[in-house]
Structure formats: structure tokens, C-alpha cells
Amino acid sequence: MHAIGAQPASGGRVMMREAGVTRTGERYRVQRQQGSRHIRASFDSLEQANAYSLAVSAAWAIGELPPAAQEFKKRFVRKMTVKVDPAVPTRLDDLVEYAIVTHQQNKHLDPEGVPTKMRGQWRKQGHHFGNPDIRDLRRADVHRFVDHLYAARLSRSTANEYIRLVRMACAQAIEFGLTGGNVAQGVSGRHQDNPLRPRARVQPRPLTPTEVKTLAAQFDPWLRLSVFLMYVACLRLSEVFGLELRDWDPVTQTLRIRRQGGSGKNEGKRDPYAPDEADGRLKTKSSRRTLPLAPVLAEAIDRHIDTFHGSRPTSPEKEEAWLRRRLISTPDIPRPRNTVIVDRWDDALRQTGLDLDTLGFPVNRHFLRKAGSTVIGVGDIRGKLWSGYLGHSTPAEFGGSLTTVQHYFDLPDEELIVVAHRWEEVLRETVGDLVITDEWWSSPHATIQEAATILRVHDSHILWLVRQGHLLLAPEDEVDSWRHRAGVNRSRTRVMISGPSVYAEVDRRARLANTLSEKDAARELGIATWYVKKLRERGLLHADQQESGVWCYERAAVEKVAQTLAEERDHADSYASLAEAASLVGLPQHGFVRIYGDTVSSRTLLVTGRYEYLRADLERTARRKVEPS
């Protein structure tokens, strides 16, 4: 007799398949032959099939007839049943609950977060199984569950969340010794052709510093720095949770990246490139780097350390232990899992209006790193600096040989200070600092009209600022009372502007003195920078060019143009474009201009220079229009 295969069994041991034992779907078949004798039998488990194969081999060895399969099952299979501790749950629903509790403890999860979501999901769809004994659950049952989820029009990612609960329950059953394998392992949801909520694809855009600062304010104070590190320092989430206090140098304002953390697969994995580090092997060799940080982020790190870790001890013993602390940690959670962020992520996005339903594209943790890399990628920053700051192994630059670029363009870490200067410029210009004060965070939400009054702009300008990400929409669950005050019926349409974002915009405008940059002027006017250049060339905006080539615009001239644009927007409903005017009188555009161009009252738009015609005159003209000869 020779074992011909292997199958995982309870307790983590490997069970070998005896001669003639093969797996067919959810069952195990025994096929043996000796001369003209053929034996075929099917069993529910590998243990039963192996036992019958051994019984057949033993009977043939002594020259006797092997036992019949039914007789063997009746006499021996019942005796092979494992005795289960009465305290151990065997029903699927009980094992799912046990797995959720275990998952919550292992991942440092908030009981009101992911665990509550998991229980709600199982209450919604778990009844499909009928709460069977886990030992009676078959892989075919799991596949029928997948078909049920598809028929319910759930997306593939949502279906995988339900299947994961079954997989967790089966893993718990293996740990208890109830089953020898996980029947849900490798099963995934189907691509949904008819989703419940079809969405049009929206081109993602980078998040603004104001949006990121508002997002960070949704987390506990000890977690806010991790959001800024993913965005400004462009760190991976695992790199953020691998940082220790000794990695931060407050004198040179540099941060060393030398390990990963936050998950079980990272902790305890030794890095061959750094034998002194006991855990947290980095993703690539180039991920080990030293980053000079913008002073704004450096101030946030110093403030975080003073608040949550205190001053650096003077005694050598305490100092060594203090330096080994994780930067993102608390006394209760010295080595937190990254789920402390993941668990709160979706709620934070909904509270700030950055969820999928509002933006039209998903924002995950790694999206912050990509958004930050977009900021530093704008401007005169070489690709090698870009890839070095992000810790990429191969820079995409020049279109030449990547290996050659990697070899001949090695840069010292000191040159990365260019990126820090770029971030300092962006953060000072947009949000000023990364301090989340109670005054800023408790600012009341405002209607569109109130926000326009506070910022002294037109109502349509507010909507433009929202589309650009400079202003945020207020959370849906906080705007009911303000909707009532604004006289708007309760509906799914958001009509309130986030108070903190209005406060941040007021603060940004107050920091700007009498001159504005070209981008700021475009933001004040609600137009593209290309039109700002055209207005400057036409003499409508006064600007001086500095030695660096940057144009500085006079605020008084910008405000004057903004007032003119506001008046145009106020009377926009009273005027029609050339195409609409020609359509009203039933003429082509060139014919309308030739015949009625001088008789119908019109105006010229300040920015585009296009003509618009008074609707009242057009309606009178259309009524008494005479066809030209």
C-alpha cells in the first residue's frame, strides 16, 4: 500500500490518500481492482475512504473477500465519528458569530464598525443555508450560495464579503477539529451583469489638501497623522504602521522608512537587506529610504509625539524602549493593525462627501499615496526624484533604458529636499497647516447662498468650488435641520456646504495679502487659468512678473472682474447664446447676425468674448419675423 496524495486535515496535519482513493467533487471515491474483482465505493470524507481502502487491502492480503461498502459504513463509519465537546458550536450561524468575535479581537476592531457590518450582512443573506451543521456543509452548497447572491444582483466585491464569512466559519470549524477542509476556500463571487446601482464611469481626480485634512479629522486624534503621512509623505499604509519614534529626526526633519507593519504577514518577517531589523521586510529594496519632509508635516509629527508619547526620557534604559515605540500607537495598542484605519475608512469617506456615490470613483487608502504623488509630479521635479520619494524600484523617465536610468541617475537622499519644498509650497498655499482645531472642525454648515455671502462670491461660483474640491458637501446625516431652515424639502440631493471647508477657504483668502498667484486668481474668479492669462493680456487684470517667472495679480483688479462676472451670472437667464437665438427665429447663425445682429439687444461676455442676445427682444422678433426676400 502506498499513499499517493495529500489532503489537509484537522489540527494542521496532512492526511495522505491511500491507494485507489480519488476526489470527485465533494466526495471521495475508492476504486480497487484485483484480477477480475472490481470494487467501487463513494464516501463523504477522506478519512472514511482511506479506512475502506485499507480494509480492502487487508482482506486481499489474507485471501478473504473485502467487506461491502454499505456494510463497512454501517459497522465502522459510525465509530469513526469524532466526539465533539458539547461546548463547541457546530451550527453555521454560531460559527460565523464566533469567527466575527475572533476577527474583532485579532484585528483591534471597533465593535460598532466592521463586526456590526458583518453581522448585518449575515442576517440579510445567511438564511439561505438554513443554519446547517458545519459537518454537513458541502462545496456545492457554497456554489449555490454564490448563484443566490448573483440572482440578488449583488456586485462581485459585495458577494465576496458574504462568502468570506462562510470561509471564516469553516476555518473556525477546522480549528475546533470539526472538519478536515475548508469547503469555501477558493470560491469567489461572479461578475454582475445587472447590478442594483449601475454607475457611469467617472474619471478620478486628485484630492485637494483641504479634502484630506477634513478626512483626517474624522479619525481618532492618534490616527490623524497616518492620513497625512500617506498623502504628504506618499507612504504605503504598511510603511506608516511600521514607523518607530527612532525613525524621526526632528533636527534634520527627515523620516527613515526601514520596515513594514500593521498586518500579520509583515510582522516577524526578516529583511535580508537589513539583518539588524527583526521584522517588517519592505516591499522592495528601493523602499528603504530617508525622506526630508515639509516643515508643515514636520510640525504635525512633533505635535503628535508630544501629545501621545511625551518627552524623550533621559535614562538609557527608558530611552531605548521609548525609541522602539511605534509612531502610530497607544499604550493600549502598542502595535496596532492597519484595520484601525480600514475599519473606519468608509464612514469617514461618507462623512466628508468623498464616498463612491458622491465622487463617482472609489477612494481607498492607496489612493492617498497616488494623489500625493500627483502633487509632487506637477512642476520641475525629475522622475528619479519622484520614484525615489515614493520608494519605487524602477523610475519611468526619459523613455530610455530603465536599467540605465536606474544605474546612472543615483541620487543622494539630500536631493529629495526639492520634493519637501514643493509640498511646503502647496500646503502653505492651500490649508496653511495640518492642525485640526475645534474652532475649525465645529464650524456650522451653510447653504449655498450663505457660503456665497461669507466668501463674497456668486452662488454659481460656490458650485464651481465644490466641483474642484475646494469646498466640500456637508454629510447627509447632518443637514436635515439646515435643509429645513433653507426651505428645502428632504431629499437625496445635497444642498449644504461643509462648514469646515468654508472656514478653510476663508482662512486661505485671509492669508493672501494684496497679490494672488495665477492659480489663486482663477480660483477666485471660478475660471480656468488659461482665461486668466487672456484677461491679463487684454489689460483687464493687472499683474507683475517676479524674477522666478511667476505672475502676481492685484487683488483689487481680480475683485473688480469677479464682480462683473457675478453680474453676468445674475442675468444669465435673461440672455441666450447665438446658437439658441438663431434657433428661436429659425435662421442659421450667420443669417441671424446679418439680419438681426444690430436690432436685437446683446452683450459681450467678459471672459470668452462671445455674444449673447436678450430673450425678450428675441421673442418679439420671432413673433413678427418676416422671411427675407
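Residue-wise test of (1) assigned to a helix (DSSP H, G or I); (2) open to solvent by less than 60 Å² (accessible area, probe 1.4 Å); (3) at pLDDT 85 or above.
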{"position": "481", "(1), (2), (3)": "yes, no, no"}
{"position": "490", "(1), (2), (3)": "no, no, no"}
{"position": "520", "(1), (2), (3)": "yes, yes, no"}
{"position": "523", "(1), (2), (3)": "yes, yes, no"}
{"position": "531", "(1), (2), (3)": "yes, no, yes"}
{"position": "548", "(1), (2), (3)": "no, no, no"}
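Tally time: how many residues in the stretch 237-256 are crowded, with 23+ Cβ neighbours inside 10 Å and either farther than 17 Å from residue 312 by Cβ or of a type in the set (Ser, Thr, Tyr) (or both)?
Of the residues in the stretch 237-256, the ones crowded, with 23+ Cβ neighbours inside 10 Å are 239-243.
Next cut, either farther than 17 Å from residue 312 by Cβ or of a type in the set (Ser, Thr, Tyr) (or both) only: 239-242.
Summing the residues that are crowded, with 23+ Cβ neighbours inside 10 Å and either farther than 17 Å from residue 312 by Cβ or of a type in the set (Ser, Thr, Tyr) (or both) in the stretch 237-256 gives 4.
Name the one entry in 422, 369 that is modelled with pLDDT of 75 or more, under 25 Å from residue 295 (Cβ atoms) and open to solvent by less than 80 Å² (accessible area, probe 1.4 Å).
Working: 422 fails: modelled with pLDDT of 75 or more.
Step by step, each of 422, 369 is checked, and only 369 is modelled with pLDDT of 75 or more, under 25 Å from residue 295 (Cβ atoms) and open to solvent by less than 80 Å² (accessible area, probe 1.4 Å).
Report, by residue number, each residue of the stretch 315-326 that is part of a loop (DSSP other than H, G, I, E, B) and out of contact with any helix residue (DSSP H, G or I) (no Cβ under 6 Å at 6 or more places or on another chain). Quick ask: steps written out before the conclusion?
If we filter the stretch 315-326 for residues that are part of a loop (DSSP other than H, G, I, E, B), which is where we start, we get 315, 324-325.
The answer is 315, 324.
Restricting the search to the stretch 170-184, which residues are modelled with pLDDT of 85 or more and among the small types (Gly, Ala, Ser)?
Within the stretch 170-184, 171, 173, 184 qualify.
Of all residues in the stretch 157-215, which are part of a loop (DSSP other than H, G, I, E, B), under 30 Å from residue 439 (Cα atoms) and of a type in the set (D, E, K, R)?
Pass one, the stretch 157-215, residues part of a loop (DSSP other than H, G, I, E, B): 177-208.
Going one step further and asking which of them are under 30 Å from residue 439 (Cα atoms), we end up with 205-208.
Of everything in the stretch 157-215, just one residue is part of a loop (DSSP other than H, G, I, E, B), under 30 Å from residue 439 (Cα atoms) and of a type in the set (D, E, K, R), namely 205.
Out of curiosity, is residue 183 surrounded by 15 or more Cβ atoms within 10 Å (Cβ to Cβ) and in contact with a Cys (Cβ under 9 Å, 6 or more places away or on another chain)?
Numbers: surrounded by 15 or more Cβ atoms within 10 Å (Cβ to Cβ): yes; in contact with a Cys (Cβ under 9 Å, 6 or more places away or on another chain): yes.
Here the answer is yes, as residue 183 does meet what is asked.
When you check residue 321 against the structure, is it open to solvent by less than 40 Å² (accessible area, probe 1.4 Å) and of a type in the set (Gly, Ala, Ser), yes or no? Working first, answer last.
Details: open to solvent by less than 40 Å² (accessible area, probe 1.4 Å): no; of a type in the set (Gly, Ala, Ser): yes.
So residue 321 does not fit the description; no.
How many residues does the stretch 130-143 hold that are touching a residue at least 12 places away in the same chain (Cβ under 8 Å) and assigned to a helix (DSSP H, G or I)?
Within the stretch 130-143, the first condition is being touching a residue at least 12 places away in the same chain (Cβ under 8 Å), and the residues that meet it are 131-135, 137-143.
Cutting the leftovers down to assigned to a helix (DSSP H, G or I) gives us 134-135, 139-143.
Residues flagged as touching a residue at least 12 places away in the same chain (Cβ under 8 Å) and assigned to a helix (DSSP H, G or I) within the stretch 130-143 amount to 7.
Among the residues of the stretch 287-311, which ones are open to solvent by 20 Å² or more (accessible area, probe 1.4 Å), under 17 Å from residue 236 (Cα atoms) and at pLDDT 85 or above?
Correct list: 290 only.
Do we have residue 98 as open to solvent by 50 Å² or more (accessible area, probe 1.4 Å), touching a residue at least 24 places away in the same chain (Cβ under 8 Å), over 26 Å from the mean Cα position of the chain (by Cα) and farther than 22 Å from residue 45 by Cβ here?
Values: open to solvent by 50 Å² or more (accessible area, probe 1.4 Å): yes; touching a residue at least 24 places away in the same chain (Cβ under 8 Å): yes; over 26 Å from the mean Cα position of the chain (by Cα): yes; farther than 22 Å from residue 45 by Cβ: yes.
Against the criterion (open to solvent by 50 Å² or more (accessible area, probe 1.4 Å), touching a residue at least 24 places away in the same chain (Cβ under 8 Å), over 26 Å from the mean Cα position of the chain (by Cα) and farther than 22 Å from residue 45 by Cβ), residue 98 qualifies.
The values are calculated or read from the model by the stated rules, or taken from the named source; none is laboratory data. This one's a predicted model, so the numbers in the text were calculated from it and none came from an experiment. With ideal geometry, Cβ positions are generated from the backbone for all residues, glycine too; neighbour counts draw on all protein chains shown. Accessible surface is based on the protein model in full, side chains and every heavy atom, while ligands, DNA and RNA are left aside. Shrake-Rupley method; radii C 1.70, N 1.55, O 1.52, S 1.80 Å.
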